[in-house]
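Trainee: Structure below; questions to follow.
The values are calculated or read from the model by the stated rules, or taken from the named source; none is laboratory data. The structure presented is a predicted model; accordingly, all values stated were derived computationally and were not measured. Calculation scope for accessible area: heavy atoms of the full protein, side chains included, ligands and nucleic acids excluded. Shrake-Rupley method; radii C 1.70, N 1.55, O 1.52, S 1.80 Å.
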Amino acid sequence: GLPSAPRMFPRVGATRVSSARILVADDEAGVRTFLAEALTRSGYEVVQAEDGAAALRAAREARFDVVFTDLRLPELDGMALLRTLRAEQPQLQVVVLTAYSEVSTAVEAMKLGALDYLEKPVGGPAVVRELVLRGLSRRASLVPSSSPRAAADSPLTFGAPARRPVVDALTKVAKTSATVLLTGE
């Protein structure tokens, strides 16, 4: 037979990534299309939004793993979208894109929990795919084990069933950047 043609977008590792869902919010159709095509060819499911309000509606209606958002969007800007999404879905990974890079804005985005802050034009499909893989890895580290034994086996319970609610609460708060103070006996 004929030799197979090389793949332009090889599957990363041995795992299939098609279950990951990506939301792309940008008012520039060319940027949205570029990101969507690069991610779709890598096996991700991609939803596009042309303004911040549409992106927020989409994120509230369906589960997404990573969001790419332009900083300057109509209806709701990227920073407000980042702030709202991180408050409502702390495990969601958000990448902020901008054509107008400012240090103060980048610092604010990172303090709000952005995965990254990229200046347009984006370097290429490989950069986009690497960001998604980093976001998926970070998200996986934030999602607690669904096993009820995880809290029971935690060293923080000291084997006492009464401490399980404390560990459960800590697990929820651990996804955020909040400070926790435990007091009591």
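Trainee: At a 1.4 Å probe radius, carbon and sulfur cover how many percent of the accessible area of the range 43-137? Spell out each step's value before the answer.
Mentor: Values: 2140 of 4220 Å².
Carbon and sulfur: 51 percent of the exposed surface of the range 43-137.
Trainee: Oh, and also: Full extension from Val103 to Arg60: what is 0.36 nm times the residue separation minus their Cα-Cα distance, to one decimal in nm?
Mentor: On the way: separation 43, 0.36 × 43 = 15.48 nm, distance 2.98 nm.
Gain in length upon complete extension: 12.5 nm.
Trainee: Equivalent-ellipsoid semi-axes (√(5λ), Cα gyration tensor) for the range 59-142, whole Å, largest first?
Mentor: Working: eigenvalues 66, 53, 28 Å².
Calculated on Cα positions only, the semi-axes equal 18, 16, 12 Å.
Trainee: Ordering Phe34, Phe68 by accessible area with a probe of 1.4 Å, largest first, what comes out? Each step should come with its number before you reach the end.
Mentor: Working: Phe34 75, Phe68 0 Å².
Largest accessible area first, the residues go Phe34, Phe68.
Trainee: Continuing with this model, one more query. Using a 1.4 angstrom probe with every protein chain in place, what is the largest-first accessible-area order of Thr69, Thr84?
Mentor: On the way: Thr69 0, Thr84 40 Å².
Listed by decreasing accessible area, they come as Thr84, Thr69.
Trainee: Now for a different question. Quick one: grab the alpha carbon gyration tensor of the range 13-76, order the square roots of its eigenvalues as a ≥ b ≥ c, and give me rounded if a/c is under 1.5, else prolate or oblate depending on whether a/b is larger than b/c. Show your work: numbers first, answer last.
Mentor: Values: a/c = 2.98, a/b = 1.58, b/c = 1.88.
Here the range 13-76 falls in the oblate category.
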